[in-house]
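A.B. asks: I have a structure here, written as structure tokens, and I will follow up with some questions on it.
The values are calculated or read from the model by the stated rules, or taken from the named source; none is laboratory data. Keep in mind it's a predicted model, so treat the numbers as computed, not measured. Quick reminder, even Gly has a Cβ in these numbers, built from the backbone with ideal geometry, and neighbours come from all protein chains shown.
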Protein chains: 2
Amino acid sequence: MKQNVNKPTLQDVARKAGVSTATVSRCLNFPDQVAGRTQEKVNNAVRELGYSPDFGAKAMAARRTNTIGAIIPTMANALFARGLQAFQEELQLHGFTTLVASTSYSSETEEQQIRSLVARGADGLLLIGHDRDPEIYRFLETQGVPVLISWVYDTTATRPSVGFDNAAAMKEMANEVISLGHRQIALISAELEFNDRATARLHGIQDAMSDAGLDASNLQVVETHYGIDEGAVAFDELMNTAKPPTAVLCGNDVLAVGALRRARELDIKVPEQVSIIGFDDLDLARATFPALTTVLVPHREMGKQAAIALASKVKDDAPIQSYELKTKLVFRDTLGPVF
Amino acid sequence: MKQNVNKPTLQDVARKAGVSTATVSRCLNFPDQVAGRTQEKVNNAVRELGYSPDFGAKAMAARRTNTIGAIIPTMANALFARGLQAFQEELQLHGFTTLVASTSYSSETEEQQIRSLVARGADGLLLIGHDRDPEIYRFLETQGVPVLISWVYDTTATRPSVGFDNAAAMKEMANEVISLGHRQIALISAELEFNDRATARLHGIQDAMSDAGLDASNLQVVETHYGIDEGAVAFDELMNTAKPPTAVLCGNDVLAVGALRRARELDIKVPEQVSIIGFDDLDLARATFPALTTVLVPHREMGKQAAIALASKVKDDAPIQSYELKTKLVFRDTLGPVF
DNA sequence: TTGACTAATGTAAGCGCTTACATATACATG
DNA sequence: CATGTATATGTAAGCGCTTACATTAGTCAA
């Protein structure tokens, strides 16, 4: 397993250009400190050798990486993918590279990924949600790596966050559902453990029910994985209970789309016989038939604001400002009054 | 609020445990070479200090990173996301970490990302499609970084690849379309430049038309970006031409879903008035109404096979075996005979 | 007990860069 | 011209690790 090609080093470039390694380094990092003629020689040597600086060595010598890590549950969710895209674009403007890792919603994997990104020298970290082992927060502290929590905005949390109030958003939607006369309400949720977003959304509905004088324990909850098929299966389950719901709220649009599909397969009319509500407002929500009523989450803006906050923390060591984004109810065609 | 926290180093651990740095290193990497009592001391020190090895330093000293890079057009496309997930899972089994970067379909960005991953020490690289500047291939060669091309399988290409025959897959579908009597055929394609997959799919249709004695230049082609809305706009455009198509093939399911949505908005019946065909067979394809006729691409298997090929290349320097995956036509409800 | 091994640990030389500091060169000034 | 200043380059000391090699401790047969 020999790699008999030897990557050219700074040394090689220096030798070829007939200058010192220091000059080459400067030429690459601070070109205006180097004479024009020298720059030319160096650049030629770089090109001819196909030289590429070794990131590890550079990071070690310079003692910074200009890298920010982001750890999300899954790339498969367009929501995260989109938010991250904006995060990345904004960071690039500030001169940072983004390293992305995903956890498949496993807290164990998340811990590994955190350690791995820290080992790789991330100057800062973006994490989704507050809920995780305190041990890991301690580790991050001893490593001196600043962390920003996103996707949630929780004034009661000790850590700064850029996100939205999951409970309030879902509560607002639940209020609408209740005011349309629905009493048999169900929730198809992502798994709740180590997922404070999902938990908050659940609480939002329970809150709305209590406020309306309903018994919150009547809320039927199905926990499932992320996926269209999973949403379909959960919907099935719900419809086969003794008292099938007249309104099914979903933790995200993908689950809702699954539910919608199964409703069609079962020949259950939406919204005449059952209302189905999503969360996120992906493009997807407008592509279904009937178009999905859902809660708009400004992912891109969230990613951007998170990037701004984290960049200023890392660069200027400014304390991170928490930032709350507003969600919005989007009424389309899957929510109707109880018939 | 200075970052006066100094990350603990191997040195610190060694001092605390009362052993040499070599012993600590061995204890961490080859525990069985170290006495039990010593291991304990070291592990305790590691834990107490919250030590985490510096990846850059490690890579430099060990002269390998066990890291493989993957560069895809976009995370936003579930297709890539899913294939990559499998790629990553398989590589993990072989002891590799995966670094992912995306290009937003820009060849310039791709070049940057390639350089960045190489600089980060990637032992191997996964790239999508063959089409790129020869310069970049030369660079990769001088760096001694093995490359695997995926998402395409092209026997005529000089580089090994793990993927499927885009042209043949699309041709097979086009044959069906033609045999159903369609003569006015259109394609909503991703942008063709630097995208040999999209180009091959186009050629596949043209081929089928020629074979059937049709004039391939009659194929209407709209190039657009990736996205549901984009698909909708393209469909609109197509329907407003002098001779609107009776069958619209799409370069991917997402564009097809957009087309389908717009058809509904325009009150054009699918498949009675126009057939719409996707490509990829995402979950999405079964969620629409009517369910999408499309071409199944085995993304997960593709990711897995790519991982296996790349891992064995990097570990044992075995020459990469090209591997062809089979696609399959999936007939659902959006393709029908010409009315 | 001793000698011959083996197992466990230590010593120290880099890996490829950056950067403080030293030195050299060029040019303007009195 | 000597001198001072600014500009360009070189020298060399690490950054935090791994690992070949040297050293020491431990084990066992005779």
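A.B. asks: Considering the stretch B:238-255 alone, what residues qualify as being touching a strand residue (DSSP E or B) at 6+ places or on another chain (Cβ under 6 Å) and more than 21 Å from B:ARG300 (Cβ to Cβ)?
C.D. replies: Within the stretch B:238-255, B:LEU238, B:PRO245, B:ALA247, B:VAL248, B:LEU249, B:CYS250, B:LEU255 meet the criteria.
A.B. asks: For the stretch B:302-323, what are the residues that are surrounded by fewer than 16 Cβ atoms within 10 Å (Cβ to Cβ) and touching a residue at least 60 places away in the same chain (Cβ under 8 Å)?
C.D. replies: Result: B:LYS315, B:PRO319, B:GLN321.
A.B. asks: Got a sec? Which of B:LEU148, B:LEU187, B:LEU238, B:LEU219 is assigned by TED's automatic domain parsing to the domain that holds B:SER107 and surrounded by 18 or more Cβ atoms within 10 Å (Cβ to Cβ)?
C.D. replies: B:LEU148
A.B. asks: So B:GLY129 passes all but one of these: (1) on the phi > 0 side of the Ramachandran plot; (2) within 9 Å of another protein chain (Cβ to nearest Cβ). Which condition number does it fail?
C.D. replies: The single condition B:GLY129 does not satisfy is (2).
A.B. asks: Among the listed residues A:ALA59, A:ALA70, identify the single one that is away from DNA strand D (no atom under 11 Å from the Cβ) and either crowded, with 23+ Cβ neighbours inside 10 Å or touching a residue at least 40 places away in the same chain (Cβ under 8 Å) (or both).
C.D. replies: Just one listed residue meets the conditions, A:ALA70.
A.B. asks: Going by what's in this entry, would B:ARG15 be described as surrounded by fewer than 17 Cβ atoms within 10 Å (Cβ to Cβ) and either among the polar types (S, T, N, Q) or within 14 Å of DNA strand D (Cβ to nearest atom) (or both)?
C.D. replies: yes
A.B. asks: Hand me the list of strands (runs of 3 or more DSSP E) wholly inside the stretch A:114-212 holding 3 or more residues that are touching a Pro at 6+ places or on another chain (Cβ under 9 Å) and closer than 27 Å to A:ALA234 by Cα.
C.D. replies: Per the criteria, A:185-190.
A.B. asks: Filter the stretch A:1-56 down to residues that are assigned to a loop (DSSP other than H, G, I, E, B), on the phi < 0 side of the Ramachandran plot, small (Gly, Ala, Ser) and more than 11 Å from DNA strand C (Cβ to nearest atom), then give me how many there are.
C.D. replies: 0
A.B. asks: Shifting gears a bit: Starting from residues that are among the polar types (S, T, N, Q) and out of contact with any strand residue (DSSP E or B) (no Cβ under 9 Å at 6 or more places or on another chain), keep the ones in the stretch B:50-109 and report whichever is nearest to the other protein chains (Cβ to nearest Cβ).
C.D. replies: Per the stated criteria, the residue is B:SER52.
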